[in-house]
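The values are calculated or read from the model by the stated rules, or taken from the named source; none is laboratory data. Since the structure is predicted, the reported quantities are computational estimates derived from the model, not experimental observations. Cβ placement follows ideal geometry from the backbone for every residue including glycine, while neighbour counts extend to all protein chains displayed.
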Amino acid sequence: MSIKSCVMNRCSAAVLLAASLAFLAPGAGAHVRAERSGHACVLAPGELTVDDLPAGSSVTRCGAVGRLVTHGGAGLTVPEPGMKVSVDSLTADGSTHGFTLAVAADGTVSYGYDDHDGRRDDGRRDDNGRDALGRANAKPRASAGSRANAPAPCTDTAYAVADRKEYGTYEWFVGDGPQPGDLPRRQVRMAFEEGITAIIRGRNVCGLADTIRARARFLAATGREAGIDHLARCTHRDGLNVWDAGDLSSDSVATTCSWSRPVSRGPDRLIEADVRFNIHDYTFTDDPTGACDDAYDIRSVATHEAGHVFGLGHVGSGHDNLTMYPSSFACSATARTLGRGDVLGLRSIY
């Protein structure tokens, strides 16, 4: 029965209302996508995807600040205007697992994605088909066993940067909960510190001098937790740089979440960077040269994650012997020292 005939036959107001809503409303439970125009928008409750809040949307008009946005298994909580948040995960198979969400001062949202080559990619290409990092189309990930075919660490010059920098001293805390490898907190803290020191001093076996001007200082243990949830998603920023251990998504050996603000004529200023090791799905050791049964070297993983803290991104397939390759490899300590590309990347920032 049509609405017109219903009125003529004096249907109830409830029937009229139901018919009107059925005509005007989208499907039940569907997400309402953000509009890019100047009009206000409404987002459905629950987790959002990058399609629900597309690039160019206003997070203020859409009420998206504080909402979780996901992409490819990674997730970020939308920060306030003038902030950027990034998630980077170290994986067991070298696959990339992360992206960046930036909110401009006017509330406009934009994204950057890790492509299949392991590099941060905002999707743009120039007239020659090269991306924003100057590379041609991405290569597929290397197959198993390709590490032996990759360039030696001291001959490989590849690196990627994430457009952020620690302009001051990175002051960090270690969580007071369970530790990787069930080791004493003091020993784990020293392993974390060794990883951070390897980055800020450009520690390498390639004969490259330390010209990197980055600084870090351990402060104390803390009851606070890293702002990372059990699915390796960046959830909150509390003003402390916390390194801890806990549960992450099963493909993430460790995850770093970084928050930064724009700086005129320079990389973004790092505001906070938290790191979590996945002790739910992986085992860790501080002595991978000993009896090692598929365990990850704490210092190697710490060096990789500290690379993200100080602005390095992932290198892709074919660069498996660099510290910033997306996998540190079980029972291997080689990522404790940097390759030539890792050092060149840090020098480009600091």
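Observations
- Hey, ALA92 at pLDDT 95 or above, surrounded by 15 or more Cβ atoms within 10 Å (Cβ to Cβ), small (Gly, Ala, Ser) and out of contact with any His (no Cβ under 9 Å at 6 or more places or on another chain) or not: no
Conditions tested, residue by residue: (1) of a type outside the set (Phe, Trp, Tyr); (2) buried (at least 17 other Cβ atoms within 10 Å of the Cβ); (3) within 22 Å of ALA335 (Cα to Cα); (4) out of contact with any strand residue (DSSP E or B) (no Cβ under 8 Å at 6 or more places or on another chain).
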| residue | (1), (2), (3), (4) |
| --- | --- |
| GLY207 | yes, no, yes, yes |
| ASP210 | yes, no, yes, yes |
| ARG215 | yes, no, yes, no |
| ALA220 | yes, no, no, no |
| ALA226 | yes, yes, no, no |
| HIS230 | yes, no, no, no |
| CYS234 | yes, yes, no, no |
| ARG237 | yes, yes, no, no |
| TRP243 | no, yes, yes, no |
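- Subset of the range 153-179 [among the β-branched types (Val, Ile, Thr) and assigned to a strand (DSSP E or B)]: VAL161, THR169, VAL174
- Odd one out for ALA330, checked against (1) in contact with a strand residue (DSSP E or B) (Cβ under 8 Å, 6 or more places away or on another chain); (2) closer than 26 Å to LEU76 by Cβ; (3) in a loop (DSSP other than H, G, I, E, B): (2)
- Selection status of ARG276, assigned by TED's automatic domain parsing to the domain that holds TYR159, among the basic types (Lys, Arg) and more than 19 Å from ASP114 (Cβ to Cβ): no
- Residues of the range 258-289 satisfying the condition of being among the charged types (D, E, K, R) and not in a loop (DSSP other than H, G, I, E, B): ARG261, ASP268, ARG269, GLU272, ASP274, ARG276
- Criterion (assigned by TED's automatic domain parsing to the domain that holds VAL85 and touching a helix residue (DSSP H, G or I) at 6+ places or on another chain (Cβ under 6 Å)) met by exactly one of TRP259, TRP243: TRP243
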